[in-house]
Amino acid sequence: MTQYVELKAADPAADYFPISGWEITELGPTSKSETSNKNLQVTAIIDLGEGKTAQATATVQMQEVMFGGSMGRKFINVIDHSEQLTATTAQGEKLITNYVKGTVQMSQRLQISYNGYLENTDYERQFFQGTGFIQAL
């Protein structure tokens with residue numbers, strides 16, 4: 001079983017919404033010949049308040065490697081153009097995505113950055129942005 005440790009960034013901006021959780025979905029091996037490389041869908045859950053959430057998602061390749069006598073995992077890369085931002089919103093609101101980016105910072109650390117806003121039928125906007133890190137163990 002893969003374990004993950006979350007590292008959060010602090011930001012004093014009023015529209016900063018931190019990542020409240022992570023969902024990891026294993027999509028299987030990258031190819032039949034490379035069973036140690038796996039594709040994962042990493043989803044950052046963002047609590048926007050009032051029952052609204054957003055999800056920033058990136059698909060990444062991960063490799064299982066031996067460190068001494070124990071098995072470890074490392075991020076290889078983010079699959080190009082796999083990032084997306086979705087939201088669970090109130091009726092009449094729509095999500096506008098300005099930016100979502102997944103980046104492998106180091107072999108053990110993945111960064112997901114996001115920026116967007118919800119717009120209601122009166123054209124009122126709720127902006128949100130943030131960055132979160134997840135570390136593979």
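Once region 23-88 is represented by equal point scatterers at the alpha-carbon sites, with solvent omitted, what log10 I(q)/I(0) does the Debye formula produce at q = 0.15, 0.20, 0.28 Å⁻¹?
Here the Debye-derived log intensity ratios amount to -0.57, -0.81, -1.16.
Going down the table (38/94; 52/101; 74/101), which pairs top 30 Å between alpha carbons? It would help to have the intermediate numbers written out before the result.
On the way: 38/94 33 Å; 52/101 21 Å; 74/101 19 Å.
Pairs exceeding 30 Å: 38/94.
Under a Cβ-Cβ cut-off of 9 Å, what is the net charge of the residues other than residue 87 that fall near it, where Lys and Arg count +1 and Asp and Glu count -1?
Values: positive: 52, 94; negative: 93.
Its environment carries a net charge of +1.
From the backbone phi of region 72-86, what are the Karplus-calculated ³J(HN,Hα) couplings (6.51 cos²θ - 1.76 cosθ + 1.60, θ = phi - 60°) in whole Hz, Gly and Pro given as x?
Along region 72-86, the couplings run x, 9, 9, 6, 9, 6, 8, 5, 3, 6, 8, 6, 8, 10, 10 Hz.
In whole Hz and in residue order, list the ³J(HN,Hα) couplings for region 108-122 that follow from phi through the Karplus curve 6.51 cos²θ - 1.76 cosθ + 1.60, θ = phi - 60°; x for Gly and Pro.
Running phi through 6.51 cos²θ - 1.76 cosθ + 1.60 with θ = phi - 60° gives 9, 9, 10, 10, 10, 10, 8, 7, x, 7, 9, 10, 9, 5, 8 Hz.
If you average the sequence gap of Cα pairs under 8 Å that are 6 or more apart and divide by the length of region 22-137, what percent do you get for the contact order? Numbers along the way, then the final one.
Numbers: 269 pairs, mean separation 21.3, N = 116.
Relative contact order of region 22-137: 18 percent.
Farthest toward the dipole's positive end in region 19-75, which of 69, 51, 24, given Cβ charges of +1 (Lys, Arg) and -1 (Asp, Glu) about the Cα centre?
Sorting the options by dipole projection puts first 69.
Which whole-number percent gives the relative contact order of region 34-102, counting Cα pairs below 8 Å spaced six or more residues apart?
Details: 117 pairs, mean separation 20.0, N = 69.
Relative contact order of region 34-102: 29 percent.
Translational diffusion coefficient, Stokes-Einstein: compute it for region 39-137 using the Kirkwood radius over C-alpha pairs as Rh, at 20 °C and 1.002 mPa s, and state it as an integer in µm² s⁻¹. Please report the intermediate quantities before stating the final value.
Values: Rh = 14.6 Å.
It diffuses with D of about 146 µm²/s by this estimate.
Using amide H atoms built 1.01 Å from N in the peptide plane, name the residues 5+ places from residue 73, or on other chains, whose amide H lies under 5 Å from its own.
It is 65, by chain and number.
All of the numbers you see were taken from the coordinates with simple rules; none came from a lab. Note that the coordinates shown come from a computational prediction; the quantities given were computed from them, not determined experimentally. Cβ coordinates were reconstructed from backbone atoms using ideal geometry, including for glycine residues, and neighbour counts include every protein chain displayed.
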